[in-house]
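Accompanying notes for the structure given below.
Laboratory data are not the source of any read-out in this text; all were calculated from the coordinates shown. All figures in this text were calculated on a predicted structure; none of them were measured in a lab. Heads up, the Cβs are rebuilt from the backbone with ideal geometry, glycines too, and the neighbour counts pull from every protein chain shown.
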Amino acid sequence: MYLKCCFPQPASRPDFLERMLTQMVCLENAYMGGSLNVSLIGLIRVRNISYEKEVFARYSIDHWVNFQDCMADHFMQTNGGEFDKFVFKLVLPKDFYVGGTVEFAVCFKRNGQEYWDNNDGNNYTVMCCE
């Protein structure tokens with residue numbers, strides 16, 4: 001069993017920097033981790049417009065009937081001061097099944113304002129494969 005991203009890596013898009021400047025937050029890359037590849041690790045880049053930041057991935061494994069937030073609390077680096085990078089790690093439940101999907105979007109909150117990257121309204125989707 002392994003996870004497969006159903007989207008191209010966002011940082012490879014030619015408009016990535018433009019999206020960063022307008023959206024304030026972007027998923028940069030996502031990859032699979034863990035011994036059975038059943039965890040999703042994501043890099044989130046945010047505009048450095050505030051010292052205090054709350055950065056997280058909101059995800060659902062049941063098509064948004066229920067959802068959870070996974071905090072991106074690992075600060076990774078600052079890129080010249082204009083952008084900050086955070087890491088989140090989403091570990092899927094043990095009963096996650098082949099054919100199941102995880103949908104997620106990333107969020108940056110500051111001073112009561114929220115900025116989202118939801119893959120242009122499509123959400124980011126990861127599928128569990130055999």
_Pairwise label distance in nanometres, GLU18 with ASN66, each label 7 Å out on the Cα-Cβ vector_ = 4.1 nm
*If Lys and Arg each add +1 and Asp and Glu each add -1, what is the summed charge of the other residues whose beta carbon sits under 11 Å from the beta carbon of GLU52?*
+2
*Springs between alpha-carbon atoms under 10 Å, Gaussian network over the chain: tell me which of ARG47, ARG13, ARG58 tops the mean-square fluctuations.*
ARG13
*Among PHE108, PHE88, PHE67, which one moves the most in a GNM of the chain with springs linking Cα atoms closer than 10 Å?*
PHE67
*asked:* As an exercise, use a Förster radius of 25 Å and the Cβ-Cβ distance of GLU52 and TRP116 to find the FRET efficiency, rounded to the nearest 0.05.
replied: 0.85
_Set of lysines near LYS94 by C-alpha distance (under 18 Å), chain-local residues within fewer than 8 positions excluded_ = LYS4
